[in-house]
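Any read-out appearing in this document is the output of simple, stated calculations on the displayed coordinates, not a laboratory observation. Only a predicted model underlies this, so the values are computations on that prediction, with no experimental measurement involved. Neighbour counts run over all protein chains shown; Cβ positions are idealised from the backbone, glycine included.
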Amino acid sequence: MADLIKYDPFSDAGFDDLFRGFFQPIRFEGQTQAPSIRMDVSEDDKSYIVHAEMPGVNKNDIQVTIEGNRVTLGTKVKREKDVKEDQRILRTERYYGSAYRSFTLPTEVDEAASEAKYDKGVLEIRLAKKAQPAGKKLNIQ
């Protein structure tokens, strides 16, 4: 007589494929998502170097906030009315609004010695590392 094998319907690959995308968020057509600020962070002996992509942003609309070792980048993208009177919008996918990004660095940042520049949609920030106080040697009595 043949051996009986216990069948588990949840272990079947077909069942998994059926519900694979079931719990993913639904995206409606015409709905735009807030852009994330993409960035690269590197370091050398004296500073952290951040390159953040912020295309289509005016440099006066960018805010950089430093609080100890926490850095926050923020920007506001404004919508410009460039539709003529005899035109109508059929579809718009560009995002207009605010975008923020925060990150924490391993050491504190010296705000006074840090600098930022914006060119061709890329924000470059040089965050100077705060000098770590030298350890004090205690005399043992």
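Test of understanding: ordering S42, S98 by Cβ neighbours within 10 Å, fewest first, what list do you get?
Values: S42 9, S98 13.
In order of increasing Cβ crowding within 10 Å: S42, S98.
Where does each of 107-116, 82-91 land if you order them by average Cβ count within 10 Å, highest first?
Put in order of decreasing packing, that is 107-116, 82-91.
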* For K117, which lysines qualify as cross-link partners when the Cα separation must be under 25 Å and same-chain residues fewer than eight apart are set aside? -> K46, K59, K76, K78, K129, K130
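Against the 2.2 N^0.38 Å scaling, with N counting residues, where does the stretch 50-141 land? I'd like the Cα-based Rg ratio to two decimal places.
Numbers: Rg = 20.7 Å, N = 92, 2.2 N^0.38 = 12.3 Å.
So the Cα radius of gyration is 1.69 times the expected 2.2 N^0.38 Å.
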* Inter-probe distance in nm under a simple model that places probes 7 Å from Cα toward Cβ, at V83 and K59 -> 3.2
